[in-house]
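Each remark here refers to the structure printed beneath this line.
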Amino acid sequence: MRKSIIIWIIALILVAVVSVAGTAYYVGDGPKEKLVVSTTTSLYDTELLDTIEDEFEAKYSIDVYFISVGTGLAIEHAERGDADMILVHAPSKELSFLEDGYGVCRKIIAYNFFAIVGPEADPANIEDLSPTHALANIVETGINEGAKWVSRGDDSGTHIKEKSLWAAAGFNWTILRNEGWYVEAGAGMGKTLQVADNLDAYTLTDMGTYLKYYNDGIISLEALVTEGEELLNVYSAIAGNQTGHSGINFNGAITFMKFLISEKGQEIIATFGKDVYGQSLFYPAVNLLKHDKNPTLVQWIKNYAFFNGYECPPEYQDNHPELYT
Amino acid sequence: MWEFLQNPIFQITIRSLHISGTATLLSSLWSLPLGILIGMKSFPGKQFAKGIFNALLGIPTVALGLILYLLFSRTGALGFLHFFPSPQAIIIGQAILVTPIIISLTISAVESVDPEITDLAKTLGASGVEASLAVLRESMGGVVLAIIASFNRAIAELGVALAVGGNIRGFTQVLTTTIALEVNRGQIEYGIHLMIILLAIVFTITILTNFLQRRIK
């Protein structure tokens with residue numbers, strides 16, 4: 001009887017010690033300034049943000065906390081005041097986010113291109129077609145049960161892009177989703193690629209996640225359509241609006257945003273992944289837009305991701321015009 | 001040695017043990033007395049109370065995670081605490097998650113004790129609390145099992161940790177959330193390493209429990 005109580009007490013003490021020792025671990029440095037950033041999965045899953053975080057935290061005494069979610073949830077976090085800043089890639093949603101008064105100081109930080117990937121056999125014959133033409137072929141082959149399409153189905157930036165591509169190709173996405181060849185994964189990019197690979201299906205993907213999975217031998221899908229204005233993918237940073245939520249670390253968000261658009265930040269974006277994949281996963285956008293280096297590309301970005309001719313309309317610049325000069 | 005302590009796998013493991021251990025301890029503070037009380041007393045509605053806790057045993061972690069996120073979110077009812085995202089939020093969530101487990105298993109353990117022990121203790125002049133302690137001693141095996149089962153449930157759950165912790169590197173990453181993230185990132189090998197650690201923890205604790213129970217009996 002005594003023995004059992006002693007064992008019990010020892011067990012309790014052990015758990016308590018582990019708890020206390022553990023606390024010392026993660027409380028660690030004490031109350032450093034915190035910056036919560038909700039981000040689209042593609043920037044995080046490629047580990048680009050890990051690299052940026054390390055460089056940023058070495059220079060500033062701000063702890064950056066990334067929460068990796070889809071663009072939809074990232075915006076929801078900021079609207080509820082749970083994130084100080086968001087990194088997203090869905091211009092149409094970004095505009096309503098600004099208009100609803102939840103975000104300010106939007107800044108385009110990077111771009112790349114989406115790709116339509118599919119099985120090597122390419123049953124719908126889409127290789128090197130224009131994106132809309134390729135989608136039309138996939139629908140036709142799909143209806144004849146010769147091909148499948150896997151959709152993210154999670155309201156992420158990539159999913160929003162997919163829906164707009166279907167519209168551009170003359171299809172109604174809400175009707176397509178009821179058809180047997182159209183599969184909704186309801187998952188992040190990585191999982192969706194794996195599902196598509198297992199089903200020998202086509203899917204829309206951001207280049208970063210695709211290259212990582214392809215080079216690691218996790219999937220064997222080929223990038224079949226990689227060019228065209230419709231496939232442009234633009235990443236932006238937006239700070240939460242402090243007039244909406246008093247607890248927001250607005251100054252931290254601006255500091256981080258300035259780092260992202262600095263020479264150093266843009267260089268990290270430009271070189272990230274080159275050593276491993278032989279090509280950049282993301283391209284820096286700041287100098288391109290500032291100096292108008294490639295007029296066609298700049299025009300594409302303006303068509304797709306500018307609001308009334310502005311990267312961020314003046315009424316949403318919140319007294320930070322220096323971000324836009 | 002220092003390098004080992006800085007190793008992310010080690011830190012994530014310690015954080016997992018810490019968060020789930022603290023959650024289990026915290027939950028025991030209210031669940032054990034409640035379980036013993038319900039087990040020992042007979043009162044109207046006792047079966048109903050037991051039914052509720054049994055039903056709550058199977059609460060889906062995604063549901064609990066979402067409810068807690070809405071509470072802890074800065075615009076939520078408990079937003080002023082600034083608990084989202086934080087390890088504390090996970091601790092509270094897991095403590096709530098395991099509460100019905102500890103209570104239900106404790107009730108069963110206490111009820112399996114011969115009621116004569118309480119009577120005997122009382123006739124020997126024991127107070128209510130002393131009688132409870134006597135019953136607790138008799139049902140020790142079941143109570144230990146309740147606590148261990150709770151810890152295993154807490155350390156193995158994903159929904160709450162992801163919803164209110166956000167899987168933030170160096171802050172709220174625990175074993176389950178890191179496994180989910182790394183597999184999504186295509187780092188399957190790293191995910192497997194963490195999975196082995198998680199399984200090792202859960203199995204070791206289960207084996208230890210069996211051993212302890214035999215000793216106690």
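The values are calculated or read from the model by the stated rules, or taken from the named source; none is laboratory data. Predicted, not measured: the structure shown is a model, and the values here were computed from it. Because the Cβ atoms are built from the backbone with ideal geometry, glycine has one as well, and the counts that use them run over all protein chains shown.
List every residue pair whose Cβ atoms sit under 6 Å apart, with the two residues 6 or more apart in sequence or on different chains, where the first one lies in region A:241-252 and is at pLDDT 80 or above and of a type in the set (A, V, I, L, M) and the second, anywhere, is surrounded by 17 or more Cβ atoms within 10 Å (Cβ to Cβ) and not in a loop (DSSP other than H, G, I, E, B).
Note: pairs meeting the criteria are A:ILE248/A:GLY240.
In the set A:ARG152, A:ARG177, which member is of a type in the set (D, E, K, R) and under 23 Å from A:ILE75 (Cα atoms)?
Values: A:ARG177 fails: under 23 Å from A:ILE75 (Cα atoms).
Within the list A:ARG152, A:ARG177, the selection yields A:ARG152.
To keep it simple, each residue is scored yes or no on (1) over 30 Å from A:LEU35 (Cβ atoms); (2) within 10 Å of another protein chain (Cβ to nearest Cβ).
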| site | (1), (2) |
| --- | --- |
| B:ARG169 | no, yes |
| B:LEU175 | no, no |
| B:ILE188 | yes, yes |
| B:ILE192 | yes, no |
| B:LEU199 | yes, no |
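Taking region A:72-114 as the search range and keeping residues that are surrounded by 24 or more Cβ atoms within 10 Å (Cβ to Cβ) and acidic (Asp, Glu), which one is farthest from B:GLY76 (Cα to Cα)?
Among residues in region A:72-114 that are surrounded by 24 or more Cβ atoms within 10 Å (Cβ to Cβ) and acidic (Asp, Glu), the one farthest from B:GLY76 (Cα to Cα) is A:GLU94.
Tell me, which residue of region A:206-229 that is more than 14 Å from chain B (Cβ to nearest Cβ) and modelled with pLDDT of 90 or more is surrounded by the most Cβ atoms within 10 Å (Cβ to Cβ)?
Restricting to residues being more than 14 Å from chain B (Cβ to nearest Cβ) and modelled with pLDDT of 90 or more, the top hit is A:VAL225.
Can you find, within region B:147-167, the residue that is nearest to the other protein chains (Cβ to nearest Cβ) among those that are buried (at least 20 other Cβ atoms within 10 Å of the Cβ) and not in a helix (DSSP H, G or I)?
B:GLY166
Would you say A:SER156 is crowded, with 23+ Cβ neighbours inside 10 Å and among the polar types (S, T, N, Q)? Break it down stepwise before answering.
Working: crowded, with 23+ Cβ neighbours inside 10 Å: yes; among the polar types (S, T, N, Q): yes.
For A:SER156, the condition - crowded, with 23+ Cβ neighbours inside 10 Å and among the polar types (S, T, N, Q) - is met.
Among the candidates B:VAL113, B:VAL129, which residue alone is closer than 17 Å to B:GLY39 by Cα, of a type outside the set (Phe, Trp, Tyr) and assigned to a loop (DSSP other than H, G, I, E, B)?
Numbers: B:VAL129 fails: assigned to a loop (DSSP other than H, G, I, E, B).
The conditions single out B:VAL113.
If we scan region A:47-69, do we find a residue that is more than 8 Å from chain B (Cβ to nearest Cβ), among the small types (Gly, Ala, Ser), under 23 Å from A:ASP216 (Cβ atoms) and touching a helix residue (DSSP H, G or I) at 6+ places or on another chain (Cβ under 8 Å)?
no
Do the conditions hold for A:ILE108, that is, is it closer than 30 Å to A:PHE256 by Cα, in contact (Cβ under 8 Å) with a residue 24 or more places away in the chain and in a strand (DSSP E or B)?
Criteria met by A:ILE108.
Quick one: how many residues across region A:260-298 are basic (Lys, Arg) and surrounded by 20 or more Cβ atoms within 10 Å (Cβ to Cβ)? Before you say what the answer is, go through the steps one by one.
Start the filter on region A:260-298 by keeping residues that are basic (Lys, Arg), which leaves A:264, A:274, A:290, A:293.
From what is left, the residues that are surrounded by 20 or more Cβ atoms within 10 Å (Cβ to Cβ) are none.
Result for region A:260-298: 0.
Out of (1) within 14 Å of chain A (Cβ to nearest Cβ); (2) farther than 25 Å from B:SER86 by Cα, the odd one out for B:ALA49 is which?
(1)
If you go through region B:195-211 one residue at a time, do you hit one that is more than 19 Å from the chain's Cα centre (by Cα), crowded, with 20+ Cβ neighbours inside 10 Å and within 30 Å of A:GLY190 (Cα to Cα)? Even if it seems obvious, please write down each step before you answer.
Going through region B:195-211, the residues more than 19 Å from the chain's Cα centre (by Cα) turn out to be B:195-196, B:211.
Now narrow it down to the ones that are crowded, with 20+ Cβ neighbours inside 10 Å: none.
For region B:195-211, residues more than 19 Å from the chain's Cα centre (by Cα), crowded, with 20+ Cβ neighbours inside 10 Å and within 30 Å of A:GLY190 (Cα to Cα): absent.
Scan region A:256-269 and report the pairs whose first residue is under 10 Å from A:LEU323 (Cβ atoms) and whose second residue is among the small types (Gly, Ala, Ser), with Cβ atoms within less than 9 Å and a gap of 6+ or a chain change.
So the pair list comes out as A:MET257/A:ALA237; A:MET257/A:ALA239; A:LYS258/A:GLY265; A:ILE261/A:ALA237; A:ILE261/A:ALA285.
Could you list, in sequence order, the residues of region A:48-71 that are surrounded by fewer than 18 Cβ atoms within 10 Å (Cβ to Cβ) and in a helix (DSSP H, G or I)?
If we filter region A:48-71 for residues that are surrounded by fewer than 18 Cβ atoms within 10 Å (Cβ to Cβ), which is where we start, we get A:50-51, A:54-55, A:57-61.
Matches in region A:48-71: A:ASP50, A:THR51, A:ASP54, A:GLU55, A:GLU57, A:ALA58, A:LYS59.
Looking only at region B:72-96, how many residues end up being over 15 Å from the mean Cα position of the chain (by Cα) and more than 12 Å from chain A (Cβ to nearest Cβ)?
Of the residues in that region, 2 qualify.
Mind listing just one residue for me: the one in region A:254-281 that is of a type outside the set (S, T, N, Q) and in a loop (DSSP other than H, G, I, E, B) and, of those, farthest from A:GLU47 (Cα to Cα)?
Going through the qualifying residues, I end up with A:GLY278.
Any residue in region B:184-195 that is within 16 Å of B:ILE9 (Cα to Cα), at pLDDT below 85, assigned to a loop (DSSP other than H, G, I, E, B) and polar (S, T, N, Q)?
yes
Looking at region B:1-81, what helices (runs of 4 or more DSSP H) fall wholly within it and have at least 1 residues that are surrounded by fewer than 16 Cβ atoms within 10 Å (Cβ to Cβ) and of a type outside the set (A, V, I, L, M)?
Details: elements: B:2-6, B:8-40, B:46-56, B:61-72.
Per the criteria, B:2-6, B:8-40, B:46-56.
Looking at region A:282-322, which of its residues are assigned to a helix (DSSP H, G or I) and over 22 Å from the mean Cα position of the chain (by Cα)?
Filtering region A:282-322 down to residues assigned to a helix (DSSP H, G or I) leaves A:286-291, A:295-305, A:314-316, A:321-322.
Once the filter is applied, which keeps residues that are assigned to a helix (DSSP H, G or I) and over 22 Å from the mean Cα position of the chain (by Cα), region A:282-322 yields A:LYS290, A:HIS291, A:PRO295, A:THR296, A:GLN299, A:PRO314, A:GLU315, A:TYR316, A:PRO321, A:GLU322.
Among the residues of region A:129-153, which ones are surrounded by fewer than 20 Cβ atoms within 10 Å (Cβ to Cβ) and among the charged types (D, E, K, R)?
Correct list: A:GLU140, A:GLU145.
Take B:PHE4 and tell me if it is aromatic (Phe, Trp, Tyr), under 27 Å from A:LEU14 (Cα atoms) and within 14 Å of chain A (Cβ to nearest Cβ).
Considered against the rule, which asks whether it is aromatic (Phe, Trp, Tyr), under 27 Å from A:LEU14 (Cα atoms) and within 14 Å of chain A (Cβ to nearest Cβ), B:PHE4 comes out as yes.
Which condition does B:SER127 not pass, out of (1) within 17 Å of B:THR209 (Cα to Cα); (2) without any contact (Cβ under 8 Å) to a residue 24 or more places away in the chain, if it passes all the others?
The one condition B:SER127 does not meet is (1).
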